[in-house]
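Okay, structure first, notes after.
The values are calculated or read from the model by the stated rules, or taken from the named source; none is laboratory data. Nothing here was measured: the structure is a model prediction, and the numbers come from that model. Positions of Cβ are backbone-derived with ideal geometry, glycine not excepted, and every protein chain shown enters the neighbour counts.
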Amino acid sequence: MFQGFPEIKEALMSNKMQAAFMVAPMAIALRAQGVPVKIVYLGHRYGSAVVVRSDGPVHRVADLRGRTIAIPSRFSDERLIVFRALAANGMNAKKDVRMVEMAPPDVTGALAASAIDAFSMGEPFPSQAEIGGFGRVLFHARQYWPDYISCVLVVRQDVIDKRPEAVQTLVDGIARSGLWLDEKERAKRHRLLAADFVGQGDDVAAHAA
Amino acid sequence: MRRLIIAIGAWIVAITAAHLALNVNWQVLMNDRLPEAQRKLNVAYIPVT
């Protein structure tokens, strides 16, 4: 388990990791920079949101003008969501707001301490902020980006070439885990198990679901 | 004096054993020693959707 996307990128490039879940624009950027990787599986949809302080002055997108917004990486869908939302409201992301890169686990603390005015991040951090009472979802990714996809599974090309069966097993396993999570009869129990796997509490998992 | 040396030695052995058990990821070390075709793939992720 890593705490930030830049570290994942380095681990993948150095072959410490052979595969990685990462934000889609970062995978595209890696490929564009000549790093031999390939996207082999698309991740989830709609898990991201822009969150502001619950007692703050931001109540609509236009109120973000002049504010500081944390994003996981400049190569992230969460940054592009902010671009889209601001453009839809007649604003320019480069001129009207200040975006800072921050490791995902740090954003809730930064918002609680008013070090930032908002963050654009995937779950469970929007739920953490709302349950903590200091954050409020301003908008969800799907409101400005239908069919939004955040993370993708990236595999090194040499691994694909040498061990295609292992990569197929990995992809099949991830696909099956998605179906397992969606089993209606045991969905709640499965979500809690998954929450434990990523170190989150039951309340956060239930809220995020 | 002899008892003191034995006690210090036992303490060092215990701390070393605890360190090896708690801080060394033996699964990763063993995996890295396997032939490439038999190694488990290392998959990176962060706890965020």
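Within the stretch A:3-42, which residues are without any contact (Cβ under 8 Å) to a residue 40 or more places away in the chain, buried (at least 20 other Cβ atoms within 10 Å of the Cβ) and facing chain B (nearest Cβ under 7 Å)? Scanning the stretch A:3-42 gives A:Ile8, A:Met17.
Once the stretch B:13-37 is narrowed to residues that are outside any loop (DSSP other than H, G, I, E, B), exposed (fewer than 10 other Cβ atoms within 10 Å of the Cβ) and not charged (D, E, K, R), the residue that is farthest from the other protein chains (Cβ to nearest Cβ) is B:Ala21. Checked against the criterion of being modelled with pLDDT of 90 or more and assigned to a helix (DSSP H, G or I), the stretch A:64-71 has at least one qualifying residue.
For A:Leu138, the requirement of being part of a strand (DSSP E or B) and either within 11 Å of chain B (Cβ to nearest Cβ) or at pLDDT 90 or above (or both) is met.
Would you confirm whether any residue within the stretch A:195-209 is within 14 Å of chain B (Cβ to nearest Cβ), under 22 Å from A:Ala27 (Cα atoms) and either at pLDDT 70 or above or not in a loop (DSSP other than H, G, I, E, B) (or both)? No, the stretch A:195-209 contains no residue that is within 14 Å of chain B (Cβ to nearest Cβ), under 22 Å from A:Ala27 (Cα atoms) and either at pLDDT 70 or above or not in a loop (DSSP other than H, G, I, E, B) (or both). Only residues that are surrounded by fewer than 20 Cβ atoms within 10 Å (Cβ to Cβ) and modelled with pLDDT of 90 or more were counted across the stretch A:43-54, and they come to 2.
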